[in-house]
Every structure is written in structure tokens, then in C-alpha cells.
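Working notes, beginning with the structure itself.
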Amino acid sequence: MNNFPGAGHSLAQAIRAAGWIFTGLAALPLPSAFAADSSDQEPTLKSVTVTATRREESLQKVPVAVSVIDGEQLERDNRNGVASIVQQVPSLNFRTGASNKDTSLFVRGVGTISTSPGVEPTVATVIDGVVYARPGQATLDLLDLQRVEVLRGPQGTLFGKNASAGVLNITSKAPTAETHGYIDQAYYSGNESRTRFGIGGSLIPDTLKGSISTLFGTYDGNVDKQHNGQEVNGYNHRGARGKLEFTPNDDVTFTLIADYMQSHDDGPNGVVSQSLTPAFANALSPVNATAHNRDINTDTRSHVEDVNKGLSGQLDWQLGDFKLTSITAWRGWDNTQYQDGDRLGTVTAAFPGTADKGDLAFDQYSQELRLASPKGEFLEYVAGLFYMHGKDDETYQRTLTTTTRTDRGVADYSTASDSYAVFGESTLNFTSDFRGIAGLRYTHDDLEYDHRRVSTSAATVSGIQPATSSSGSVDEDGWSGRLGVQYDLSDTVTTYLTYSRGYKGPAYNVFFNMQPRDTEALKPETSNTWEAGIKATSWNNRLTTNLAVFHSEYDNYQANFFDTVAGQVVTRLINAGSVISEGVELDYALQATQQLKFSGALAYTRARIDEFACPAGAAASCNVNGKPLPFSPDWKSYVRADYSIPLDNGLDIELGTDYSWQSEVQYDISQNRDTKQGAYGLWNASVALADYSNGWRVALLGKNLADKSYSSLLASGDSYIYRAVPRDDERYFGVQLRKDF
């Protein structure tokens, strides 16, 4: 393991700084998941329940670093998907792309960047107990949210699949016995409109409850297409989510969940922010490439058509003091993307035109069985079995147009995966204050692929390799687990120390221009993490402060690095060697008065490449040891304040403001100097008038009030640098109206 200069010193500084804050005023984690009790008694924070240990427990008692975000607050803040959550959780980061197929999540600086269907994500997304096998599935609009839990660090013991760096655990609202409906209409600058409608209640008293929620959302976009005068980078989404909860007796509950989301996104395949040659700058005209450019001039319309759907059934059966849970699920994902690869409006001798079309059809089936022992015994445990089957079929077509001819390549490829696991985690209550933790998971993975490419050219042309075909299969066994101790210093302060072993299965680099060198399977990725934490509740339950310190080492890290294929620089999935992530995380919430709340989070994450395994023929410098991992700023923070003013006539005025900040971030593992985003902060605020007795609320929102432009992605092409333009790249405003009935 390399010793990074200054690493120990900077980490020690961060620990000391966090300690001063911890012992000083307050620490800030869990935004509005901590609402004040509405009684006339002394103001307190509500307890927050999480399922981080696969059973419902208080956040302040679980020996896991968890951030929690309230679902209703996310909707009020116009944060409707995974990408927008990262501003509130400093340990979480997100890579966007022209298609949601190209997205990735990162926890504590670790994630997997790849479009290959033959690789698992490093961060799992779990919605209502169902694991989503592909990261692109998780980009759908989130409906009827109860809460979002971000579990930081390896969670392979209980969550297993895709959880070697962390878990995004999302829970939707359960149906209520009382009949309840709502309609929520919002309008924002840029001609963005979002309409949500929901209704639910008892269908058969004491036996059957149900709910359904719907969404219709449209947005023109914030990028101007000079070629035809249209605005792009917008969306058109519509979908529904329904729940039925059947309770035939006190011991059995069966929950059926169905969801469907249809999305049309016309995000450009990158907005050019820097021309690296005068020739490309001339070809790009009339668009002027600048750091904050929001113009394109492409002749091909880049857009994505996406359908995400699923059905799951969860059985909870109380067997005396034991609880048996079964979750059976199917999910389908269909994605068609069209991309302009040259990012220009005309074909010239120097710059040929490229246009891509990709079709994806993915199905997954999963079954999980869990048995939870009674609480309060010396030995408490959760044990279970898990199985998932995934099948992916894709067709990718690339068309190359020069001034003299047109060439075309078409690749058909598929992957099939089966994952089997048996797992269990136990808590040994040695005393009322001292506990031991032991968990273990065995996983067996089978993965196979088939790939065939044809081309109109027998020789290599720009961006298209000649015809080829290959297939392969691999199977691996992996172990993950957790050991630790937990000690309660008092009724309101608990501490823990854990060691976690993470495992991520084998992979294949399956993509359009796949070559013979890509036919070998990548080795599984493993990790070892030490974590120490303290969670405290003080000041008569008005202040919570949670602190975690961690050190993680990853071996056979699966990552993309630059290579040259068919005369074009592309990224290639490799076992990139070893990486280290270490740091300190601080979360806090303070109910200062009955009307005033403060909350927030702070994270110092030093995620660095330890020993890089340079691939043969790499198209970029491999001198990256000791350099930061992509999409991992060293510092991120979030602070929030909420203040309510009750009026004599039953009305309430609600004021809210939040500020997120992060330090410089490198988006490229090869450390390209042009793909760094400098430090930036975003300030948002809102004011609302509500009458909850009559069920209505009107709010005015201001987003990015300081009008700070930034890039959520910077990447390199042959002659240029391009950026992704986020929704809040400039200041905008909106109004929300909600009526409950």
C-alpha cells in the first residue's frame, strides 16, 4: 500500500475538526426527516426509523453510518430523482450521462463507470426491498416517497447484490386506513410543469388497503440547439405507482406493488465547453465553446426513450415471536438512445459525422427469504436466502458519414447472470449496554455473454471495428461479512466499531466495439473497511449528532480507463488495481425552538488510487498513483434551516433555506487537467403559506439563487472538452400548489 504524502496529517486534521464540532454545538445530518413534535410541550426531534439492518430500528441505535432524507421534503424541494439527492448527502455522488444507461452512483468516492451490461454497480439501489440490478433503472422519478436512506460503506452481508460500497435504500409510503387524496401542481422557470395526483384508503375495512399515485412532468430544457432553434435538455415523464396491502389476520400481511414510468429525455450528448484545436472551433461555429456554454449545433437529435416497470409481492408472516419475510419481484427495463457522436452540425473532411442508436431490453427476477428472530434475547439475528436472474439484450448501431462514403457497424450482444446467496447477521447482547455483531454472506455468481458485430467495412474505420464474434462464461464464489462491537455510553449515546468485507462479482466488458482482448472476465472486486462511530442525542432530545470515521481498501477495483479503439479514444473496463478511501462524516439536527430547525451534514473523503494496474496500449498517462478517484471531492457539506410562523387564523408561514458546497472534483480517472470542476456552492430558499386544517399549501421556490453555473460532468473528445448541464445550472424559480382531500 502506498503512503500518500500528507494523508495521515489531513485525515487527523479532519478528525480533530469534526471532534470540535461534535463537542461544540451540533452536528447536522438528517434534513427534515427530523420534524418537531407538534405538541405544546418542549420542542423535540421525532425519532427516525430505518431498515438499515433489515428490521425497523431507531436511526440513533443502529451501528451503521446512515443518512436519511424525508420524502415529502424532497418533493417540496423539486428533488425528484437520485441525481438531485447528492446535494443533501455529502458522501453520495452521481455521474450523469446522455442516457440514463450511462449513470453511476458513488459512495465515499467509490463507484463503477461503465455502460457494459456485464458489470454490477458498486452502489446498490433498493426500492421497497427490491434490488435494482442496473444503475440506469434507478433514475426514474420517485413517487410517494416515505424516506431515502443512504447506507455508507460495504453492506454486502444483508443487502448483498451490488452493495460493495453502499446502498441507496428507498421506501415508499404505505396505504392508510383513512381515505385520503391529494393533487400537487408545480410550475417552474423554463416551462417546467409537474402534476402529481394520488388517492388511497380502505377497500375492505381492516383487511385491504390500497393507494395509487401518478405523475405527469414536462420541461423544455436549458440548452439551445442552434441548428433548429429548439430548446433541449428537458424531459417528458409520466407514470404511476400502486400498492395493495392485504391483512387477512393479525399475523399475515401481503403487499403488492406495481409501478410504470415512461420517460422521454432529450439531453444532448454533451455540450462543448472547450475547443482544443482551432479547426474544431471553426467547425463548431456559431456555437462558442466556453466553460458555461449552454448551446449546441448538432444535426442529429440526441434523445432517450425509456420505460421502467415492475411488480413485487412482499409477504410478512409473524410466526410467534419470529417474522418471516418473502419478497418476489420482476422488473423490466426498455431503453432506446440516439446520440450525435461528433457534436457538430455539418460533415467535413476533417470531422466526419457519427450517429449512434442503441436498443436495450432487460428483465430481472428476484426472490428473497428472510427470518428475523425476536428482539430482546441474548441472540438476535436476521438470516435469509437470495436469488436474482438478469437477462440483457442489446443492439447498438453506429453510422459514420464522410464527404465520400457512409459506413455502418451493428453489434448484437447479450448477457445473462444468476446470483445465489445465503446470509445472516447476528447481534449478541452480552449486557444491556454491550453488544457484539457478526454477519456472513456466501455468494455464487454465474455470468455469461454473447457478442456479434458486423460492419460494412472489412477494415477499421473511425469508431467502427471490423466484424467479429465471441462468447464466454465465468462463475465465482465470494464471501462478505461484518464483525463489530457496540457500546452504549448512556441511554442517549452509543458507539460502535466494525470491520466489513465487501464483494462485487466478476464482470465482462461487453460493448459495441468489443475486441478479442475484452473476452477475458474481470476478477471480482473486494474491499475491507474499518469504521468507528458515535451517535448522540442530547439537550432533552432536541439535538442529534452522529460521527463516523472510516478507512476502506479496495482490491481489483473495476474501473474504466482510456484506450484507443478504431482510431477513437474510448474507455475500457479493467481491473484497475487498488484504491483507498478514508475520511470523516458528521451529521446533525437541532430543534432550536418549536418553530426553528437546523440540520445538515459534512464529509471529508480522501478517495485515492493506491496502485494502478496500467492496461497495455493505454491512451492516457498511467501516472495516477496517489491521485483522486473520479467524482469524489475531498469536502462536501450541506446546511439547512426551516422556520415556521403560526398565525392566529390557523395559517402557517413556512420559511426554508439550504446551502450545499463542495470542493474541487476531478471527473476523469486519468487526471485530465481540463476535466476538473472547481469548488462551488448552491443556495436555495422557499416561502410557503399553508392551512393544514383545510388541507392546502402554496409555496414559492428559488433555486441556485446566487446563479452559480457548474458542470455535473466534464469529459474529453478528440478535439474538445464537453460538459453536462444540470437543471440548476442557472437561477430559476417555481410555484407549488397542493390540496389534500
Handout entry: Output for the stretch 639-673, where each listed residue is among the aliphatic types (A, V, I, L, M) and part of a strand (DSSP E or B)
Key = VAL639, ALA641, ILE645, ILE653, LEU655, VAL665
Practice task
Report the residue count in the stretch 206-249 for those that are in a loop (DSSP other than H, G, I, E, B) and touching a residue at least 24 places away in the same chain (Cβ under 8 Å).
Solution key: 9
Practice task
Taking SER462 as the residue in question, decide whether it is of a type in the set (S, T, N, Q) and surrounded by 15 or more Cβ atoms within 10 Å (Cβ to Cβ).
Solution key: yes
Exercise for the section: Could you please find all residues in the stretch 369-428 being touching a Gly at 6+ places or on another chain (Cβ under 6 Å), closer than 30 Å to ASP299 by Cβ and of a type in the set (S, T, N, Q)? Expected result: THR401
Practice task
Output the residues belonging to the stretch 251-300 that are without any contact (Cβ under 8 Å) to a residue 40 or more places away in the chain and surrounded by 16 or more Cβ atoms within 10 Å (Cβ to Cβ).
Solution key: ALA281
Practice task
Mind listing whichever residues of the stretch 341-377 are within 14 Å of LEU284 (Cα to Cα) and either outside any loop (DSSP other than H, G, I, E, B) or basic (Lys, Arg) (or both)?
Solution key: ARG343, GLY353
Practice task
Show the residue pairs that are 6+ apart or on different chains and have beta-carbon atoms under 6 Å apart, the first residue being within the stretch 346-365 and over 20 Å from HIS303 (Cβ atoms), the second being aliphatic (A, V, I, L, M) and surrounded by fewer than 20 Cβ atoms within 10 Å (Cβ to Cβ).
Solution key: ALA350/ALA279
Exercise for the section: Kindly establish whether TYR365 is surrounded by fewer than 16 Cβ atoms within 10 Å (Cβ to Cβ) and farther than 30 Å from SER58 by Cβ. Expected result: yes
Practice task
Specify the residue that is modelled with the lowest pLDDT; the eligible residues are those in the stretch 571-590 that are farther than 22 Å from GLY533 by Cβ and touching a Pro at 6+ places or on another chain (Cβ under 7 Å).
Solution key: ARG572
Completion exercise
Checking PHE423, PHE512 in turn, the sole residue that is modelled with pLDDT under 95 and either touching a strand residue (DSSP E or B) at 6+ places or on another chain (Cβ under 7 Å) or part of a loop (DSSP other than H, G, I, E, B) (or both) turns out to be PHE512
Handout entry: Identity of the residue in the stretch 104-133, under 11 Å from the mean Cα position of the chain (by Cα) and in a loop (DSSP other than H, G, I, E, B), that ends up farthest from TRP333 (Cα to Cα)
Key = GLY111
Completion exercise
When TRP333 is run through (1) buried (at least 19 other Cβ atoms within 10 Å of the Cβ); (2) not in a strand (DSSP E or B), the failure sits at (2)
Exercise for the section: Spot the failing condition for PHE423; the list is (1) farther than 30 Å from ASP306 by Cβ; (2) surrounded by 17 or more Cβ atoms within 10 Å (Cβ to Cβ); (3) touching a helix residue (DSSP H, G or I) at 6+ places or on another chain (Cβ under 9 Å); (4) not hydroxyl-bearing (Ser, Thr, Tyr), and only one is missed. Expected result: (3)
Handout entry: Hits in the stretch 282-295 (condition: of a type in the set (A, V, I, L, M, F, W, C) and either assigned to a loop (DSSP other than H, G, I, E, B) or modelled with pLDDT of 95 or more (or both))
Key = VAL287, ALA289, ALA291
Exercise for the section: Find all pairs meeting these conditions: Cβ atoms under 7 angstrom apart; at least six residues apart or on different chains; first residue within the stretch 716-735 and in contact (Cβ under 8 Å) with a residue 24 or more places away in the chain; second residue outside any loop (DSSP other than H, G, I, E, B) and of a type in the set (Asp, Glu). Expected result: SER716/ASP674; ILE721/ASP674
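Taking the stated definitions as given, is TYR604 among the hydroxyl-bearing types (Ser, Thr, Tyr) and in contact with a helix residue (DSSP H, G or I) (Cβ under 6 Å, 6 or more places away or on another chain)?
Yes, satisfied.
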Exercise for the section: For the stretch 681-702, enumerate the residues that are part of a strand (DSSP E or B) and surrounded by fewer than 18 Cβ atoms within 10 Å (Cβ to Cβ). Expected result: GLY681, TRP683, ALA685, VAL687, LEU689, ASP691, TRP696, VAL698, LEU700, GLY702
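Identify all residues within the stretch 514-530 that are of a type in the set (D, E, K, R), surrounded by fewer than 20 Cβ atoms within 10 Å (Cβ to Cβ) and out of contact with any Pro (no Cβ under 8 Å at 6 or more places or on another chain); write none if there are none.
Those that are of a type in the set (D, E, K, R), surrounded by fewer than 20 Cβ atoms within 10 Å (Cβ to Cβ) and out of contact with any Pro (no Cβ under 8 Å at 6 or more places or on another chain): ARG517, GLU520.
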Exercise for the section: Tell me, please, whether a residue that is under 24 Å from ASN575 (Cα atoms), in contact with a Ser or Thr (Cβ under 8 Å, 6 or more places away or on another chain) and of a type in the set (D, E, K, R) can be found in the stretch 639-655. Expected result: no
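For GLY702, state whether it is in contact (Cβ under 8 Å) with a residue 40 or more places away in the chain and either of a type outside the set (Ser, Thr, Tyr) or over 28 Å from ASN269 (Cβ atoms) (or both).
It is false that GLY702 is in contact (Cβ under 8 Å) with a residue 40 or more places away in the chain and either of a type outside the set (Ser, Thr, Tyr) or over 28 Å from ASN269 (Cβ atoms) (or both).
The values are calculated or read from the model by the stated rules, or taken from the named source; none is laboratory data. Remember, it's a predicted structure, so these values are computed and weren't measured experimentally. No Cβ is skipped: glycine too gets one built from the backbone with ideal geometry, and neighbour counts run over all protein chains shown.
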